[in-house]
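Chemist: Take this structure, written in structure tokens, and hold onto it; I'll ask about it next.
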Amino acid sequence: MPLMSHPSERAYDFIIVGAGSSGAVIASRLSEVANFTVMLLEAGDDDNNWPDINIPMKAISLRRTDIDWQYMTEPQEKACHGMVDNTSYWPRGKVLGGSSALNHMQYIRGSRHDYDGWHKLGCMGWSYKDVLPYFIKSERNCQANLKRDPEYHGYKGPITVTVAEPSPIATAFLKAGEELGHAVVDPNGKNQLGFGFSPTNIDNKGRVTTAKAYLQTAIGRQNFTVIVRSHVTKRSSCGPTIDQTPPAMTLRRNKKKYQKLDL
């Protein structure tokens, strides 16, 4: 995986903008096709320059750094009343791996009812039945507290899912829930309503980001190029125009503007 110091003059079949939680996956998967040429552009830094990313307990220290976009929300009418101008700080990753390098590593897929609701609103392909196979495909579940459940979990994917050794307080919470009549559940399993330990994207080497899970596997692919610290500022049409002008990108890197980066 060439990690280039400056944009190449060659043309690419695919240019992926942003090496975050989705971009890193898309770029890596496309590059599996040897006949495709793929470039991945990331506005932020190489994650290897930030070793604290790998240390789960260091997550909070990565906020408001150069690998955080440091966004603020729009003023809220019904929330953030205790904050200045009713706005909230909204950390987002600006590094290979994106926000998966900055978050607190909780692996929660979300409620099946949300996915089914989106499907009913017209988002074809987004029902829980549709997306579940991709959750399973991407997952390497190593949760010792769960029975093997291939209907809802994968065991050979690139994204490691584990559960930390439960603390006495966490165990007490689950016991209290049971005493109140609630079930102890796998939050990513068939029944999601109840109490359960939170799965995390952590392996024996630390945090698992999409850069770690997907980009590292692309090392050695000659059809795949990654360029960091390259902020895309403009994109032309998504396809050839009437005069057959190909789509292109404009980006800035090290204060230099690259006007035309052809696909």
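Chemist: Taking loop as defined by DSSP and a crowding limit of 13 other beta carbons within 10 Å, which GluC sites (Glu not before Pro) in the range 122-195 fit?
Modeler: Loop-located and lightly packed - Glu151.
Chemist: Run a plain Debye calculation on the chain (Cα atoms as equal point scatterers, no solvent) and give log10 I(q)/I(0) at q = 0.08 Å⁻¹, rounded to two decimals, same order as the q list.
Modeler: -0.41
Chemist: Using only the Cα atoms of the range 42-99, construct the convex hull and provide its projected area averaged over every direction, in square nanometres to one decimal. Provide the component values of the computation, followed by the final result.
Modeler: Working: hull surface 18.9 nm².
For the range 42-99, the mean projected area of the Cα convex hull comes to 4.7 nm².
Chemist: What accessible area per residue, rounded to a whole number of Å², is obtained for the chain using a probe radius of 1.4 Å? Can you show the working numbers first?
Modeler: Numbers: 15820 Å² over 263 residues.
Computed with neighbouring chains in place, this is 60 Å² per residue.
Chemist: Which percent of the accessible heavy-atom area of the chain goes to carbon and sulfur, probe 1.4 angstrom?
Modeler: 56
Chemist: Taking amide H positions as placed 1.01 Å from N in the peptide plane, with prolines and chain starts having none, which residues 5 or more places from Arg207, or on another chain, fall under 5 Å of its amide H?
Modeler: The answer is Ile55.
Chemist: Can you give me the span-like helices of the chain, meaning DSSP H runs with 20 Å or more of Cα extent along the axis and Kyte-Doolittle mean at or above -0.5?
Modeler: Long hydrophobic helices here: none detected.
Chemist: Rg(Cα) of the range 67-169 divided by 2.2 N^0.38 Å?
Modeler: That works out to 1.40 for the range 67-169.
Chemist: Loop-only check: which GluC sites (Glu not before Pro) in the range 4-108 are DSSP coil with at most 12 other Cβ within 10 angstrom?
Modeler: In loop regions of the range 4-108 (DSSP not H, G, I, E or B), the sparsely surrounded GluC sites (Glu not before Pro) are Glu9, Glu77.
The values are calculated or read from the model by the stated rules, or taken from the named source; none is laboratory data. Quick caveat, the model's predicted, so the values are computed rather than measured. Virtual Cβ from ideal backbone geometry, glycine too; neighbours counted across all protein chains shown. Each accessible area value is taken on the protein alone, full model and side chains, heavy atoms only, with ligands, DNA and RNA left out. Shrake-Rupley method; radii C 1.70, N 1.55, O 1.52, S 1.80 Å.
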